[in-house]
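Accompanying notes for the structure given below.
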Amino acid sequence: MKKLLFSGFLLCSLVGFANEKFQTPVLPIDGIELSEEWKEYTTIDGVKIEYRMKRCETDKMRAQNLLLFRFTNTNDREVVLSWVAKEFRNDACWNCEVLYDGDFNHRLVLSAGEVIEGDGTTKENKEVYIFGNFIKHVPGMMEQTLTSFELVDLKVR
């Protein structure tokens, strides 16, 4: 009887902890649409992260949609922001099995008050964008579209 009462108490305690909600700065974003306006993803330890999807085309780049980021350091000190980008293409996690292999790990150093923003004119700084999709496909090209994203293991140091 004592074991049964103890087991019941233990079960109720575990259920209580399991139902407790912990606030996290990581948010999955579904249904990404083209936009001229920045949307706030999150603010963590004085760093505001915003995003928008933009159609980009230059002489050096085929017409494509890029998910652009803007990072604003509101602190009065330099910070290092790090994260891993989880990408969902055609509503399925595209990189979950290789998430921590290195290609999706990002690190950005922001000076006090600095703003770093992707504008879609270059793809050199991989921290400020995620490839969305090509506008026009050529034969043999896989048709995939970025449908959601999540910045995991988001840290400010």
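A few comments on the model shown:
- Bins of 10 Å from zero: percent of alpha-carbon pairs in region 25-135: 13, 44, 36, 7, 0
- Approximating the spin labels as points 7 Å out from Cα along Cα→Cβ, the Glu97-to-Glu78 distance works out to 4.1 nm.
- Proportion of all alpha-carbon pairs of region 106-157 beyond 14 Å (%): 68 percent
Every number here is computed from the coordinates shown, using simple stated rules; none is lab data. All figures in this text were calculated on a predicted structure; none of them were measured in a lab. All Cβ positions, even for glycine, are placed from backbone atoms using ideal geometry, and neighbour counts span all protein chains on display.
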